[in-house]
Structure formats: C-alpha cells, structure tokens
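Here the structure comes first, spelled out in structure tokens, and everything after it is commentary.
None of the figures in this text is laboratory data; all of them are computed from the coordinates on show. It should be emphasised that the depicted structure is a prediction, and the values quoted were computed from it without experimental measurement. Note: ideal-geometry Cβ built from the backbone for every residue, glycine included; neighbour counts use all protein chains shown.
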Amino acid sequence: MIIALFGASGRLGQCVIESATAAGHTLRLHYRAKPSENVPEFSTVVVGRLDDPTAVREVLRGADAAVVVLGHKPDARVPYIADATKLVVSTMKTLGQSRLLVVTGAMVGHEKGPVGIGMRLLSMVVRSRTADGMMEDRDEQERRVKASHLDGWTVIKPPRLSDGPVGDVDAGATQGVGLRSSVSRKALAKFIVQELEAPQFSQQVVYVAGR
Ligand SMILES: NC(=O)c1ccc[n+]([C@@H]2O[C@H](COP(=O)([O-])OP(=O)(O)OC[C@H]3O[C@@H](n4cnc5c(N)ncnc54)[C@H](OP(=O)(O)O)[C@@H]3O)[C@@H](O)[C@H]2O)c1
C-alpha cells in the first residue's frame, strides 16, 4: 500500500513511518523542511507548505490512503490544521481517493463521547489556557473530516500519548478514556497501520487507549 503521511517529522509521524515500513508499505512523506533524519529507502519526501495545493497534491499522488498526524507546537499562535486538512480532503476528492485517517485527541471537539468527567474538566482548563483559536482549529479539523463525504474517513482520538513500548490497544466509538488513560505512540502507530490494512472504523470516530 502507498501511504501519504502529513506530520512525518513528528513523534507519532516517525512511529507511523517505522510501523508502516515494517509492514511492507511505501510512504509519501510531507515535511515542511528537508528532513534531518534518514527516511526509508523506498519512500518519497515532499518538502512544502501545507497551504500550497501543488505540494499537498504531490504528497497524495498515487497514494492508496492518507494519514494526518499534524499537531501544534506548544508556542503556536497561528491555526493551520483545519485549513491543511481541508486542502487534503479536497485534493483527495480530485484524485479519486477516499481513505483518510486523522489523529486529533480525546479533548478535541464538543461531543461528550466516552470521555470521563475528569478528562472533560481537564479539557475545559486546557481550553482556557491555550492560545486563542488553537483548540478551535482542532475542533474545526474534526468537523471538516466528519463532513468530508469521503467514504473512508476515520477520526482517531487518543488520550495522552507516551513514548512507551509498542503494545496492544482497545479501540472503539465507545471506548472509555479518562485521566489515567494513555497510549504509546508506537502502539497508536501500529493501530493506524492495522486500520489501513483492514478497515474497521470507516466513517467513524474512534477512541484508542493502551491496554
Ligand atoms: N501529546 C499528547 O499527549 C497528545 C494527546 C492526544 C492527541 N495528540 C495528537 O497526536 C498527534 C501527534 O502528536 P505528536 O506528539 O506526534 O506531535 P508532534 O511531535 O508535535 O508533531 C507535530 C507535527 O506537526 C507538524 N507541524 C507543527 N506545526 C506545523 C505547521 N505550522 N505547519 C506544518 N506542520 C506543522 C510538525 O512538523 P515540524 O517538525 O516541522 O514542526 C510535526 O510533524 C497530534 O495531532 C496531537 O495533537 C497528542
């Protein structure tokens, strides 16, 4: 499978590269600057801006699926993720592609979902302390994916991410997540690759927690 990856330089992005490569997949990787790390032998690197339709199209060219694991830097003040995701979606449509996995977070969006009361309270605190527009950028990202009309969209909502070892996860629309929940980036990456290979959650929002 050829996988287009947005957020390749990130910590989860690197785990997705490792997991997908180990499973024999080929990657088309978006970076906003030339990567300092080595990339897998048969992968393609596209360096460009995420508001550049030509760059986004080049990442997606020939891909069987796209994965978006973009995040904000802690000091970020300029929203970009919703617009970048919107451009990914519209470009996928013009290319006739439909499988899109997008990682947001258990605290993103306003649906109660299976999120415990403690995490919902924490989410309110985080929202009040986060720079204006940044949480809203993620809310809007989710909204746009869910409204994308792509046949194969999946929104993946993890709780806290850790750098622990790969392990098993529990996943589902009603999978409970709370303040004590976490999932390692390696385990989440493994789940993402499994979901690409054997879709279980198309057109669904899925919560994922480490076991
Ligand atoms: N940390 C947690 O506990 C947690 C919990 C739940 C969900 N999540 C979500 O999980 C996802 C992956 O997290 P992570 O820890 O892997 O994040 P990360 O290491 O911070 O990676 C973020 C990625 O976004 C890119 N990026 C940041 N600002 C950008 C911009 N203005 N334009 C283009 N690209 C930009 C980064 O590229 P550069 O390297 O070029 O900056 C990097 O590839 C994110 O969506 C995050 O919100 C995290």
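Data for the structure
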| read-out | value |
| --- | --- |
| CD proxy at 222 nm, helix term only [per DSSP H run n ≥ 4: -39500 (n - 2.57); per residue of the chain; nearest 500] | -11000 deg cm²/dmol |
| Cα-based Lys pair tally, the chain, threshold under 27 Å, eight or more apart or on separate chains | 27 |
| Separation of alpha-carbon centers, the range 106-154 and the range 1-77, rounded to whole Å | 23 |
| GNM flexibility winner over the chain from VAL166, VAL155, VAL67 (Cα, springs under 10 Å) | VAL166 |
| Backbone HN-Hα couplings from phi across the range 105-118 [Karplus 6.51/-1.76/1.60, Hz, Gly and Pro as x] | x, 5, 8, 7, x, 10, 6, 5, x, x, 8, x, 4, x |
| Amide H within-cut-off set for THR130, under 5 Å, with H built and near neighbours excluded | none |
| Burial ordering of SER43, SER162, fewest other beta-carbon atoms within 10 Å first | SER162, SER43 |
| DSSP loop GluC sites (Glu not before Pro) with at most 15 other Cβ within 10 Å: longest gap in the chain | 112-211 |
| Theoretical FRET efficiency, 1/(1+(r/R0)^6), r = Cβ-Cβ of THR54 and SER182, R0 41 Å, to 0.05 | 0.60 |
| Cα-centre dipole for the chain with unit charges at Cβ (Lys and Arg positive, Asp and Glu negative), debye to 20 | 360 |
